[in-house]
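J.: What follows is a structure written as C-alpha cells; I'll ask about it next.
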Amino acid sequence: SEEPVPAVCLLDPDGDVVEYRFAWQVDGEDTGIDVASVPADATARGETWTCTITPFDGIEDGTPASASVTIRNSPPSQPIIDISPGTPEVHNGLFCFVSGESEDLDGDPVSYSFRWSRNGQPDVSLSPNVPPEATSPGDHWICEVTPSDGLDEGPAASRAVDVHVDVVPRISAGGSLTCRI
C-alpha cells in the first residue's frame, strides 16, 4: 500500500520540506503537549493557552510564531422539561419539572428558573407550580425553564398544555317520564 500524501507540502526557499513543531503552555507553564490540538477536557475556564509553532526544514529552525486564547465559560445546555398532568382538566394544578438535566461542560452546578405564561400573557408565577384555582377551561399554559451555571444562562426550554373543559354527561326526562341513576 502507498503512504498517504499530505494535502499540503510546503517547501522553504532552498526546496526543503518544512515540518512544524508545536509547544503548548498554560498560564506561562509548559504542558509537554507537542501536537497541533489540545483535547477540550484538558482545559479549564480562565486558563490562558499559548501555542508556539516552529518551522523546521530538517537543517535549521525557522522563526517561531505564537498565539494565545483564554478559555471562556461554557453555558449549560438546554434542559428537557415536562408538565404534569399532561392533559389537565379544570382546576388541576400544574407542575413543571426538569426531566432531563442540563449539561455544563465546565462542571459548574446548574440551577433553573421557571416562568409561566397563560393565554400568551406572562403570569406572575416564577415557581414550578401553578395552583389549581389559577386554571380555567380553555387556558393555554406555557412553562419556560432557563438553566444557569451562575455565570451564563443556557438556552431555555418550553412546554405547553391546554386546560380541557370537564365534560359532564346530562340526562333529561320529559313529560311524564322519570329517570333514575
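J.: Let me confirm something: among Ser37, Ser99, which residue is on the phi < 0 side of the Ramachandran plot, part of a strand (DSSP E or B) and not hydrophobic (A, V, I, L, M, F, W, C)?
T.: Answer to the check: Ser99.
J.: Among the β-branched types (Val, Ile, Thr), in contact with a helix residue (DSSP H, G or I) (Cβ under 9 Å, 6 or more places away or on another chain) and either surrounded by 14 or more Cβ atoms within 10 Å (Cβ to Cβ) or closer than 30 Å to Val17 by Cβ (or both) - does that describe any residue in the stretch 46-61?
T.: No, that holds for no residue.
J.: So which residues in the stretch 21-45 are open to solvent by 80 Å² or more (accessible area, probe 1.4 Å), touching a strand residue (DSSP E or B) at 6+ places or on another chain (Cβ under 7 Å) and touching a residue at least 24 places away in the same chain (Cβ under 8 Å)?
T.: Arg21 - this is the single residue of the stretch 21-45 that is open to solvent by 80 Å² or more (accessible area, probe 1.4 Å), touching a strand residue (DSSP E or B) at 6+ places or on another chain (Cβ under 7 Å) and touching a residue at least 24 places away in the same chain (Cβ under 8 Å).
J.: Another one. Just name the residue that is surrounded by the most Cβ atoms within 10 Å (Cβ to Cβ) out of those in the stretch 93-107 that are touching a residue at least 40 places away in the same chain (Cβ under 8 Å) and touching a strand residue (DSSP E or B) at 6+ places or on another chain (Cβ under 9 Å).
T.: Among those that are touching a residue at least 40 places away in the same chain (Cβ under 8 Å) and touching a strand residue (DSSP E or B) at 6+ places or on another chain (Cβ under 9 Å), it is Cys96.
J.: Is it the case, given these coordinates, that Asp123 is of a type in the set (D, E, K, R) and buried (at least 17 other Cβ atoms within 10 Å of the Cβ)?
T.: no
J.: Just to check your reading of the model, which residue among Ile171, Ile81, Ile181 is of a type in the set (A, V, I, L, M), open to solvent by less than 60 Å² (accessible area, probe 1.4 Å) and either modelled with pLDDT under 90 or part of a strand (DSSP E or B) (or both)?
T.: Result of the check over Ile171, Ile81, Ile181: Ile81.
J.: I'm checking my understanding of the structure. Among residues of the stretch 124-158 that are among the acidic types (Asp, Glu) and outside any loop (DSSP other than H, G, I, E, B), which one is nearest to the chain's Cα centre (by Cα)?
T.: So the residue we want is Glu153.
The values are calculated or read from the model by the stated rules, or taken from the named source; none is laboratory data. Nothing here was measured: the structure is a model prediction, and the numbers come from that model. Virtual Cβ from ideal backbone geometry, glycine too; neighbours counted across all protein chains shown. In case anyone asks, the SASA skips ligands and DNA or RNA and just uses the protein heavy atoms, side chains included. Shrake-Rupley method; radii C 1.70, N 1.55, O 1.52, S 1.80 Å.
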